[in-house]
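A quick write-up on the structure given underneath.
The values are calculated or read from the model by the stated rules, or taken from the named source; none is laboratory data. This is a predicted model, so every value here is computed, not measured. Note that we place each Cβ from the backbone using ideal geometry, even for glycine, and neighbour counts take in every protein chain shown. Note: areas computed on protein heavy atoms with side chains; ligands, DNA, RNA excluded. Shrake-Rupley method; radii C 1.70, N 1.55, O 1.52, S 1.80 Å.
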Amino acid sequence: MSENVWIIGTSMTKFGRFPDQDLLDLAATATLDALADSGQSMTDIGLLALGNVYEANSHNGQRLQKQIGQTGIPVYNVVNACATGATAVRVAMMGIKAGECDIALAVGVEKMGKMGMLGGAAKKAGERKVYTPKGRYGAVVKTEGLLGTGLMPGVFAQAGMEYALANGVGAEQFAKVAVKNHLHSTLNPLAQYQKEFTLEQVLGAEVISYPNTLPMCCPTGDGAAAVVLVSEAKLATLDPDVRKRAVKISASVMTSDPWTEAGQVQPDVNTLTRMAADQAYEAAGIGPGDLDLVELHDCFATAELIHYDNLRLCEPGGAGDFIDSGAPMRDGKIPVNVSGGLLSKGHPIGATGIANLYEVATHLRGEAGARQIHGAKVGLTHVIGLASACAVHILEAPVTR
């Protein structure tokens, strides 16, 4: 069993809307770039895990191989809501740790275009109203909007408002998250949007689900990301130029929802995140104060603010003060979403978890260009997909080998 798994190659496409490229075009671009970055080829890969949500019934891992090389290796097609990409990484890691292979490839990809509002409450076109018990729970009518919500803007607006009421957070503090991330995006050429907003512009924009206005909500779009993973034993045999850029995965944790009373009505995005963070810090042997940067799941501005608390980046109840202090700015105490986050970088669902790893690994290698966090040694990535699944990874900078 391999004790440690290392990233030796990673890549992501620009996120955006690409009507002239299909799912496999995007996946192949990210994969070939990650392989080139790692100094490996498909003949060196012992396992492929591909994450995708909206075309998950299409055997995309096998279809990708037809574009980049069919070598007969095990292929796992993965879907796990917004945590899909991170789950593919964990599948690849577990293959290495189990001894199934010593080099594995994880890919995340999505084609979403202008898909519109996402969530579990989407209505079927032309659905007839029938007031008789049906479904697993014998519901007579839909409970959407009556007993909580399954629509993403509503879920995260509600989670934010619960935190706000308990801890004295105001709309302006949530809006500051969006101001920060849009500002950060101006330094990221791979971000879907690279536009700065003032606080007044964010607060004055169209309200989607209070307190989140339009610039406080992530866009849908297209994109792909990939990562090449290797066992520690195999890493020792690779070229010195590969070894000196290898990034250690110090912790990889995934959680799902434990039972909570409130979670029976409204999805609980907090508890499983806290569980994952605590387990990851313990596994890596570090604390939040050791982090040099964080890429967390800011699908909405309210989500980022509450996850400051859930990831223990601030004192309990102190997320409002944390954003007011400037701590999560690029030049702050713990920079958060230097990429621009989902709010600006974009959120092609299957790609997001791996794109977060790409961003942190790039900083730890000292290769992030204008947005580089200088001297970054330790970083954390976080992603959460409702249903729910939460993944937290902690990465450590390369060491001289």
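Brief remarks follow.
- Area accessible to solvent at ASP321, 1.4 Å probe radius, in Å²: 110 Å²
- Residue-normalised accessible area of the chain, given per residue in Å² at a 1.4 Å probe: 41 Å²
- ASP239/TYR137 FRET efficiency (R0 60 Å; Cβ-Cβ; nearest 0.05): 0.60
- Taking each DSSP H run with n ≥ 4 as -39500 (n - 2.57) and averaging over every residue of the chain yields -10000 deg cm²/dmol at 222 nm.
- Which of GLU196, GLU55, GLU304, GLU367 is most accessible, then next, and so on - probe 1.4 Å: GLU196, GLU367, GLU55, GLU304
- Along the chain, longest interval not containing exposed chymotrypsin sites (Phe, Trp or Tyr not before Pro), exposed being DSSP loop plus at most 13 other Cβ atoms within 10 Å: 260-401
- Candidates per trypsin sites (Lys or Arg not before Pro) in segment 196-245, loop by DSSP, up to 13 other Cβ within 10 Å: LYS244
- Ligands, DNA and RNA aside, SER250 has an accessible area near 20 Å² when probed at 1.4 Å.
- Solvent-accessible surface (1.4 angstrom probe) belonging to ILE73, in square angstrom, nearest 10: 30 Å²
- For Rg and Dmax of the Cα atoms in Å, the value calculated from this model appears in (1) 25.8, 88; (2) 22.4, 73; (3) 20.4, 68 under label (3).
- Among the listed pairs LYS195/LYS248; LYS114/LYS180; LYS234/LYS345; LYS97/LYS176; LYS176/LYS377; LYS111/LYS180, those beyond 30 Å (Cα-Cα): LYS195/LYS248; LYS234/LYS345; LYS97/LYS176
- Surface share of carbon and sulfur [accessible, 1.4 angstrom probe, percent] for segment 313-375: 46 percent
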